[in-house]
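First up is the structure itself, then whatever we jot down about it.
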2 protein chains.
Amino acid sequence: MSPEIKVIKIGGNVIDNPEALQSFVKDFATIPGRKILIHGGGKEATRLSGRLGIETQMIDGRRVTDRATLDVVTMVYAGMINKRIVAMLQAEGCDAIGLSGADGNVIRACRRPAVPVDYGFVGDIHADGVNHRFISMLLYNGLTPVLCAINHDGCGELLNCNADSVASAVAVACSRIGLTSLTFCFEKGGVLADINDDNSVIRSISSENYSALKSDGTISGGMLPKVDNAFKAISEGVNSVTIKSSADLLADSGTTITK
Amino acid sequence: MSPEIKVIKIGGNVIDNPEALQSFVKDFATIPGRKILIHGGGKEATRLSGRLGIETQMIDGRRVTDRATLDVVTMVYAGMINKRIVAMLQAEGCDAIGLSGADGNVIRACRRPAVPVDYGFVGDIHADGVNHRFISMLLYNGLTPVLCAINHDGCGELLNCNADSVASAVAVACSRIGLTSLTFCFEKGGVLADINDDNSVIRSISSENYSALKSDGTISGGMLPKVDNAFKAISEGVNSVTIKSSADLLADSGTTITK
């Protein structure tokens, strides 16, 4: 068994595409050793809200989550998507176990303050909100946790969280158990040197070359927070962070960020 | 720690009533030792189907489950209801873990044959479809499994099952681990000698007095299959089956069925 714990996050581009999801699940199931999957939500929650006449309000890319929207995201993320992925993984011989943060008290979140923006039932998590003993117990028993981004506050309330943040926090917590790598799968092949050239993937970023890549404008815009978050996870104990295409999970590809 | 494993099933009458559910959860959380909760679905799935314009079709009290209805019941049972109950139990200090049958491969079901009635994605389970090793591992680690009645076929498909049947199969499987009691909570105080008198609860039924209670008409109608199922579970290894009111979980009350 590989000594490494692999934390892998997928987002809407995989979840919204049944063929891509099936292909990803097959690849993920073949990864040996200890692994954890974190999934986002995709467009299904917005679609279901629309069918139910619930208005979807986004502020800075975050979903404002009133009570009705919390029910929708809990149903879609923790119910339909999570259980579909778990059933698919089981069919591929991977002993997956789907979890919200409430299950086994695996992730506690804190409701975000209503000031300056009231996002409703939205939570933020910290590494010490992740129950690494419980995760360790599951991994030790050969199970593969599959986490959605619905967590709880410990007082009976569910909270909608950001899946990238869940993945980072889980990876940081796992680094207390063992060497941990974190992989963010998305629609591009990695961090691109030229945003118009999909073949311009920067293969590695370290704290040494990051300053230069920022100051010469190679890395800019929406990629900056992603890479900053990767360095934050590394500074908190994660061994490496890779940003790559979900279609190339098994390939030695993408951008790997290390200390 | 009590040597007994307590398997407790609640149905729609508790789930549809927020105050009754809160009260039940508080009671359940105080039960010491190893315990498992199985929950049905209540009216929310039918309500959500209605809002989405999906026709609900019931045959002999069973929901015909086409693809769209399977998504609805998965969202409602495995998502919203399951996670709500788990978060409530966690708030009461009970280390609950919500599960569909796919999670940890805990329950495998077989899709019901389409003849004579095609119920769609409806499954039946057998005691050997229950992964008692996984349940044992969770109980050993101090966790309280909370199961909904959505299971999987092992080939990637989710299946809608009957929650009473799930409870029986789980209790039978648990009887391989240790002494197991099964409790069905419902709206009445137990099996009534006089259906019009809520105070006429028959406190105990054994195989010895059951024939007489049947032949003199004391137990008849809808109660017969419930009691027959209880005897079936007992013949397969369960120590006792109690049928009681969900409001009286902690009281020594209801009808207890023993060998």
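The values are calculated or read from the model by the stated rules, or taken from the named source; none is laboratory data. In this text, all values refer to a predicted model and were calculated from it rather than measured experimentally. A quick note on method: Cβ atoms are made from the backbone with ideal geometry, for glycine too, and the neighbour counts reach across all protein chains shown.
Residue pairs whose Cβ atoms lie under 6 Å apart, sitting 6 or more positions apart in sequence or on different chains, and linking a residue in segment B:158-186 that is over 9 Å from B:I5 (Cβ atoms) to a partner that is in a helix (DSSP H, G or I) and hydroxyl-bearing (S, T, Y), are B:L158/B:T74; B:C185/B:S246. Within segment A:43-74, the set of residues being surrounded by 14 or more Cβ atoms within 10 Å (Cβ to Cβ) and over 19 Å from B:L48 (Cβ atoms) comprises A:Q57, A:R62, A:R63, A:V64.
For segment A:154-170, the candidate set comprises residues that are under 11 Å from A:A102 (Cα atoms) and touching a strand residue (DSSP E or B) at 6+ places or on another chain (Cβ under 6 Å); within that set, the residue that is surrounded by the most Cβ atoms within 10 Å (Cβ to Cβ) is A:L159. Note on segment B:50-83: among residues that are without any contact (Cβ under 8 Å) to a residue 12 or more places away in the chain and in a helix (DSSP H, G or I), the one that is nearest to B:C94 (Cα to Cα) is B:G79.
In segment B:153-165, what residues are facing chain A (nearest Cβ under 10 Å) and under 15 Å from B:G79 (Cα atoms)?
In the first step, residues of segment B:153-165 are kept if they are facing chain A (nearest Cβ under 10 Å); the result is B:153-159.
Residues satisfying the conditions are B:L158, B:L159.
When residues of segment B:29-50 are filtered for being touching an Asp or Glu at 6+ places or on another chain (Cβ under 9 Å) and of a type in the set (V, I, T), how many remain? The qualifying residues number 2. A search for C-beta distances below 6 Å between a residue of segment B:15-41 that is of a type in the set (D, E, K, R) and any residue that is crowded, with 17+ Cβ neighbours inside 10 Å, counting only pairs 6+ apart in sequence or on different chains, returns B:D16/B:G42; B:D27/B:L249; B:R34/B:I5; B:R34/B:L139; B:K35/B:K6; B:K35/B:T144. Taking A:A109, is it under 26 Å from A:L179 (Cα atoms), touching a residue at least 24 places away in the same chain (Cβ under 8 Å) and either under 19 Å from the mean Cα position of the chain (by Cα) or buried (at least 23 other Cβ atoms within 10 Å of the Cβ) (or both)? Yes: the conditions hold for A:A109. The requirement of being crowded, with 17+ Cβ neighbours inside 10 Å and at pLDDT below 90 is fulfilled somewhere in segment A:226-245, by at least one residue.
So how many residues does segment A:30-42 have that are over 23 Å from B:G98 (Cβ atoms) and surrounded by 15 or more Cβ atoms within 10 Å (Cβ to Cβ)? Before the answer, list the steps.
First, pick out the residues of segment A:30-42 that are over 23 Å from B:G98 (Cβ atoms): A:30-33.
Still in the running and surrounded by 15 or more Cβ atoms within 10 Å (Cβ to Cβ): A:31.
The number of residues fulfilling the criteria is 1.
Go through segment A:84-133 and give me each residue that's among the hydrophobic types (A, V, I, L, M, F, W, C), more than 7 Å from chain B (Cβ to nearest Cβ), in a strand (DSSP E or B) and in contact with a strand residue (DSSP E or B) (Cβ under 8 Å, 6 or more places away or on another chain). So that I can check it myself, show each step before the final result.
First, the residues of segment A:84-133 that are among the hydrophobic types (A, V, I, L, M, F, W, C): A:85-89, A:91, A:94, A:96-97, A:99, A:102, A:106-107, A:109-110, A:114-115, A:117, A:121-122, A:125, A:127, A:130.
After this cut, where a residue has to be more than 7 Å from chain B (Cβ to nearest Cβ) as well, the list is A:85, A:89, A:94, A:96, A:99, A:106-107, A:109-110, A:114-115, A:117, A:121-122, A:125, A:127, A:130.
Keeping just the survivors that are in a strand (DSSP E or B) gives A:96, A:99, A:107, A:109-110, A:122, A:125, A:127, A:130.
Answer for segment A:84-133, where residues must be among the hydrophobic types (A, V, I, L, M, F, W, C), more than 7 Å from chain B (Cβ to nearest Cβ), in a strand (DSSP E or B) and in contact with a strand residue (DSSP E or B) (Cβ under 8 Å, 6 or more places away or on another chain): A:A96, A:L99, A:I107, A:A109, A:C110, A:V122, A:I125, A:V130.
B:M1 passes all but one of (1) over 17 Å from the mean Cα position of the chain (by Cα); (2) at pLDDT 95 or above; which number fails? In the conditions (1) over 17 Å from the mean Cα position of the chain (by Cα); (2) at pLDDT 95 or above, B:M1 misses (2) alone.
The set of residues from segment A:77-105 being under 24 Å from A:H126 (Cα atoms) and not small (G, A, S) comprises A:Y77, A:N82, A:I97, A:L99, A:D103, A:N105.
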